[in-house]
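Quick note: the coordinates plus some simple rules give every number you see, no bench work behind them. Nothing here was measured: the structure is a model prediction, and the numbers come from that model. Using ideal geometry, Cβ is built from the backbone for each residue, glycine included, and neighbour counts are taken over all protein chains shown.
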Amino acid sequence: MISQPFLLVAQPMTFETTDFELAAAPGVNLTNDNMDMEWRSVGLNDTYVVLGCLAVVDTIAVLHTNQRTTDTIRVRAGATWDETATNSVYDSGVLPAFEGNKEDPYTTKTIIDLGQSVQAPFWRIDFFSPGHPDGQVKAARVVMGERFEVPTGINYGWEKVLYDDSIITTGPNYEDVQEYPSRPGVKATIGQVDEADFVALDPFLMRAGFKKPVLFAPEPDNLDTAQHWTVYGRMKGSKWQNPYHKWWEIDIEVSGLRA
């Protein structure tokens, strides 16, 4: 299990192959940040995708799927896309899609700590969802790369935020609502950052900026709430403070792209 809060910026990925997919929901959708563009399988048998990623990876997140707590997932890496299954250099084994609680409208976020740094050009993800009422597997995004663990945690007083982009038009004796799904967000202060961690975290956040989505897991080991509090979205604010010599605090706000 991942024992610390962490931030993760997605490394570049390519879509390589899958078993069967709907033409309107291809596997390449797993590599972009439009959360309305999903990958969807055809049926539930032998369901997998293969992605390419040349970066060093220690964490993989499969985001916004329809997998249930009884469903499982497996990740393998290899030198060629077919060797991910026959001669893998990394194998997570079969893992639960998630553990703990998850309430509607939240979707499943599967976070896998590889326990090591792995560099391989091809990654295969197998989904096992026998008897799923949807008759198919759905997923919106795969994120992989090296996470930044927050060694001191986050300060008390952090906030869970709800964003609702619905448009409400009011007039005499009426309100007209154009509904959009609500999105979660997190505001938090990362405190007691020493000089060494500042040197690592500052360029990490500069590379992400407000343009690249960030996966922020403030309490990944709290299985009762991790599915609700973990957000993948863009930073809306980031501010460093230096209250003491070589001692830093950073305020960040991450606005999730989807629940």
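Listing for the model above:
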quantity	calculated
Kirkwood-based shape ratio for the range 62-171, expressed as Rg/Rh from alpha carbons	1.07
Partner lysines for residue 239 [C-alpha distance under 24 Å; skip if fewer than 8 residues away on the same chain]	160, 187, 211, 212
Amide proton proximity set for residue 38, modelled H, under 5 Å, gap of 5+	none
Projected label distance in nm at residue 176 and residue 162, using a 7 Å step from Cα toward the beta-carbon	2.5
Value of Rg/Rh across the chain [Cα atoms, Kirkwood radius]	0.99
Computed Kirkwood radius, in angstrom, where 1/r is averaged over Cα pairs of the range 159-256	15.5
Between the range 12-31 and the range 61-128, the Cα center-to-center distance that results, in Å	15
Relative contact order of the chain, pairs being alpha-carbon contacts under 8 Å that are 6 or more residues apart, as %	23
J(HN,Hα) series, the range 131-136, from Karplus relation 6.51 cos²θ - 1.76 cosθ + 1.60, nearest Hz, glycine and proline x	x, 4, x, 6, x, 7
Relative intensity, log₁₀ I(q)/I(0), of the range 1-133 from a Debye sum that treats every alpha carbon as a point, q = 0.17 Å⁻¹	-0.96
In Hz, Karplus ³J(HN,Hα) per residue of the range 213-227 (6.51, -1.76, 1.60; θ = phi - 60°; x = Gly, Pro)	x, 10, 8, 10, 10, x, 9, x, 8, 8, 5, 6, 10, 4, 5
Cβ-based exposure ranking for 258, 68, 147, 207, in which fewest neighbours within 10 Å come first	207, 68, 258, 147
